[in-house]
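The next block holds one structure in the form of structure tokens; read it before the comments.
The values are calculated or read from the model by the stated rules, or taken from the named source; none is laboratory data. Here the structure is a predicted model, which is why all the values come from computation and not from measurement. A quick note on method: Cβ atoms are made from the backbone with ideal geometry, for glycine too, and the neighbour counts reach across all protein chains shown.
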Amino acid sequence: MNPGALDSPVYRLDRLKRLSELEPWHFWFVGRQAMVIRLIEKHVAPGARILDIGCGTGWMSRALSCRGYRTAGLDLHPDGLRAMRAAIPGAMPVQAVAEQLPFGRGTWEAALLLDVLEHADDRRVLEELRRVLRPGGILVTSVPALPWLWSHRDEIAGHRRRYTRRQLRRLAADSGFGLREMRAYQFFLFPLVLAGRVLGRGGPELCRMEEQPPPTFNRLLARINRIEVALGEFIPWPWGSSLVAVCSRT
């Protein structure tokens, strides 16, 4: 489940406000943010400069900025960047596309690519990112997993692909990144994801239901995702609806 990744040109501008409303409370975002923050704090030095590519309204940049990291958000759409500038003191919003980053070589110590690669020329994006990261710089990326989960949600989101572990590992290696670790996300909720994808292949109704779970049910699912993320420090979950990888620039 990724209710917020509607990034096609048709939908993106209309959904920015909705996305900013979903991120603070929706169970999918709550769990993913918890995982990404854990990985950043584990692999990236305090106070490092982090480039958040495809930042949307800057929710993740805000969370990292509150933890002492120096963040800049990059996105194509100015509406989200304006929201980011208003919400984060000292924010550095940059309007650009991921395939053509407006930075010099070795500018950044770390970068985020959260549900971006599936929308873009993934090899070109990683080639550009390798250029602007310092040697040894850290990349944290998340992508939708398991091509056979393809459904109506992928189509309205403008996805080009979903990934297997092998595909993501090979893509990173071919692009000059060494894999530090890879985790599955939403293992516990995978039965719900599977049911939703199968039932949702016929149309958008179930997608709308995923975006608006009853508050009590949403809190339960968010708690399940947080527990899964915490246990993921010790248990390598075998599958999930998403993959989150930490790589270093070789």
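Just one of G104, G136 is modelled with pLDDT of 95 or more and under 26 Å from A34 (Cα atoms); which is it? Step by step, each of G104, G136 is checked, and only G136 is modelled with pLDDT of 95 or more and under 26 Å from A34 (Cα atoms). When the range 139-165 is filtered for residues that are modelled with pLDDT of 95 or more and crowded, with 17+ Cβ neighbours inside 10 Å, the ones remaining, listed by number, are L139, V140, T141, S142, V143, P144, A145, L146, R162, Y163. Tallying residues that are at positive phi and among the charged types (D, E, K, R) within the range 96-140 yields 1.
Taking the range 172-186 as the range and being in contact (Cβ under 8 Å) with a residue 40 or more places away in the chain and surrounded by fewer than 20 Cβ atoms within 10 Å (Cβ to Cβ) as the test, the residues that pass are D174, G176, G178, L179, R180, E181, M182.
Of all residues in the range 96-126, count the ones that are among the β-branched types (V, I, T) and in a helix (DSSP H, G or I). Residues that pass the stated criteria total 1.
Taken together, the criteria place A184 among residues that are modelled with pLDDT of 95 or more, part of a strand (DSSP E or B), under 30 Å from D121 (Cβ atoms) and within 19 Å of the chain's Cα centre (by Cα). Only residues that are in contact (Cβ under 8 Å) with a residue 60 or more places away in the chain and either surrounded by fewer than 20 Cβ atoms within 10 Å (Cβ to Cβ) or among the hydrophobic types (A, V, I, L, M, F, W, C) (or both) were counted in the range 233-250, giving 9. Only one of the numbered conditions (1) in a helix (DSSP H, G or I); (2) under 23 Å from G31 (Cα atoms) is not met by R131, and that is (2).
Of all residues in the range 192-250, count the ones that are of a type in the set (V, I, T), at pLDDT below 95 and more than 19 Å from the chain's Cα centre (by Cα). Matching residues across the range 192-250 total 2. The strands (runs of 3 or more DSSP E) located wholly in the range 29-95 that include 1 or more residues which are surrounded by 24 or more Cβ atoms within 10 Å (Cβ to Cβ), small (G, A, S) and free of Cβ contacts under 8 Å to residues at least 40 places away in the same chain occupy 70-75. Filtered by the rule that a residue be in contact with an Asp or Glu (Cβ under 8 Å, 6 or more places away or on another chain) and either in a loop (DSSP other than H, G, I, E, B) or free of Cβ contacts under 8 Å to residues at least 24 places away in the same chain (or both), the range 161-171 gives R161, R162. Screening the candidates L171, L139 for the property of being closer than 21 Å to G54 by Cβ, of a type in the set (A, V, I, L, M, F, W, C) and touching a strand residue (DSSP E or B) at 6+ places or on another chain (Cβ under 6 Å) yields one hit, L139.
Looking at this structure, is G158 within 27 Å of S61 (Cβ to Cβ), of a type outside the set (A, V, I, L, M) and part of a strand (DSSP E or B)? In short, no.
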